[in-house]
Amino acid sequence: MGGMPLNDMPWWRWRTNVRSALHMLSDPVFHQECWLPGREGFGDVTDAVYRLVEDTWLDNWSAEKYVGTIFRDSQEAALVDVAVLRVLKILHQVGADAPATAYLDHQAWPEAVQAAREAHVRLAHADGEDPDVPPKSLEVLAIYNRTVPT
């Protein structure tokens with residue numbers, strides 16, 4: 001998110017959190033290298049889900065509500081809605097405190113990963129970033145969220 005034009009979206013901090021969560025949820029290599037071994041600094045699957053919906057309340061209403069503030073257009077919002085619904089369905093089935101393996105072994109996980117990937121790629125491209133770089137740590141995310149856009 002280093003190249004993201006943060007100052008062009010009114011609620012850029014929320015966009016940053018949603019993008020970070022989608023990025024982590026959409027990257028199977030990240031799952032294997034960070035979530036399964038419990039690597040420090042990246043949170044867990046539940047943390048990513050909550051980052052996706054915590055401030056936005058996307059677990060209660062459509063991302064369409066945030067077009068122009070968090071999301072650039074209805075296409076971004078629609079992709080995010082699909083990802084949120086697929087990930088939340090798994091969260092509700094495995095439980096919030098479930099280990100990474102419960103998510104990653106869930107029969108619907110590949111579809112959730114694909115939906116998160118589609119949303120992540122669209123948002124990353126819209127922000128002028130490469131969607132294929134590895135996800136940033138939560139520490140780096142916190143630094144971005146403290147930075148005031150210019």
**Asked** Rounded to the nearest 10 Å², what accessible area does ILE143 show when all protein chains are kept and the probe is 1.4 Å?
**Response** 80
**Item:** Per-selection Rg to Rh, region 14-60 - Cα, Kirkwood hydrodynamic radius
**Value:** 0.99
**Message:** Solvent-accessible area of LYS136, probe 1.4 Å, all protein chains present, reported in Å² to the nearest ten, please.
**Reply:** 70
**Message:** Ignoring ligands, DNA and RNA, please state the percent of accessible area on the chain from carbon and sulfur, probe 1.4 Å.
**Reply:** 54
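Hey, can you find the accessible area per residue of the chain for me, probe 1.4 Å, expressed in square angstrom? Kindly include the intermediate steps, with their values, before the conclusion.
Numbers: 7380 Å² over 150 residues.
Spelled out: the 1.4 Å probe surface of the chain, per residue, equals 49 Å².
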**Message:** Given the C-alpha atoms of region 10-150, compute the convex hull and give its volume per residue in Å³.
**Reply:** 98
**Prompt:** Ranked by accessible surface with a 1.4 Å probe, highest first, in what order do ASP8, ASP127 come?
**Reply:** ASP8, ASP127
**Item:** the chain: angle of helix 109-126 to the longest principal axis, Cα-based, in degrees nearest 10
**Value:** 10
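When all alpha-carbon pairs of region 71-148 are counted, what percent fall beyond 18 Å?
Working: 1629 of 3003 pairs.
Result for the distance tail: 54 percent.
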**Prompt:** Under a no-solvent Debye model with one identical scatterer per Cα of region 17-97, what's log10 I(q)/I(0) at q = 0.18, 0.27 Å⁻¹?
**Reply:** -0.74, -1.36
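The values are calculated or read from the model by the stated rules, or taken from the named source; none is laboratory data. Keep in mind it's a predicted model, so treat the numbers as computed, not measured. Please note that ligands, DNA and RNA were not included when accessible areas were found on the heavy atoms of the full protein model with its side chains. Shrake-Rupley method; radii C 1.70, N 1.55, O 1.52, S 1.80 Å.
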